[in-house]
Amino acid sequence: MIHVQPAQEMRVDFAVWAVAQTPKIRTVSTNSFAVPPRLFVEVPEEILIGALVNGHRYVSPDEDAATGQPPPGTPPAPAPGSPEADAAAMVAATSPETVQAAMDAALLAVDLAALNAGGDEPGSELPAGGDNPATPEEQPDGVFLCPGCPKEFTTARGRDTHARQVHPTGRE
């Protein structure tokens, strides 16, 4: 069971929803409900905002958007004047083509270092850019390569989650 303690202003609304379920959702204290996991996914978002779920504050994407908070997992903005802020300002002022060229050069340097360390067979060709050289046809079964970096994943879901968190594009 998932223990939900609705926000004080939402207790009546949550109780109305809870008793409308079949079977009715039971209470575990004067202000908490025991919700089966299969029904928890059906709880309306608006009555969960401000609630404690298993002792943790329920984080709603709608609530964060309304308050201007970044989504969970988004790193905090660096403090003004810090080295991180200066670096972020430099990256923001740099053209995407320059950034891509620098990333391509860094990947090439890593490939050359691996070749020099004996990581590849002599005479093997290095990739000609920052893109992941393996096409889906060339990838071994069960290996999912990130298109933005050389990281490998065992599932497509893992790769997609990594790509959304580490290589966000088109977000405003």
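Values as computed for the structure displayed
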| item | result |
| --- | --- |
| Added length on full extension, which subtracts the Cα-Cα distance from 0.36 nm per residue, VAL99 to ASN116 | 3.6 nm |
| Förster radius 35 Å - calculated FRET efficiency between ARG157 and MET90 (Cβ-Cβ, nearest 0.05) | 0.55 |
| Summed residue charge, Cβ within 15 Å of PRO78's Cβ, Lys/Arg positive, Asp/Glu negative | -2 |
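None of the figures in this text is laboratory data; all of them are computed from the coordinates on show. Note that the structure is predicted; figures quoted are calculated from it, not measured. Neighbour counts are summed over all protein chains in view; Cβ atoms, including those assigned to glycine, are modelled from backbone coordinates with ideal geometry.
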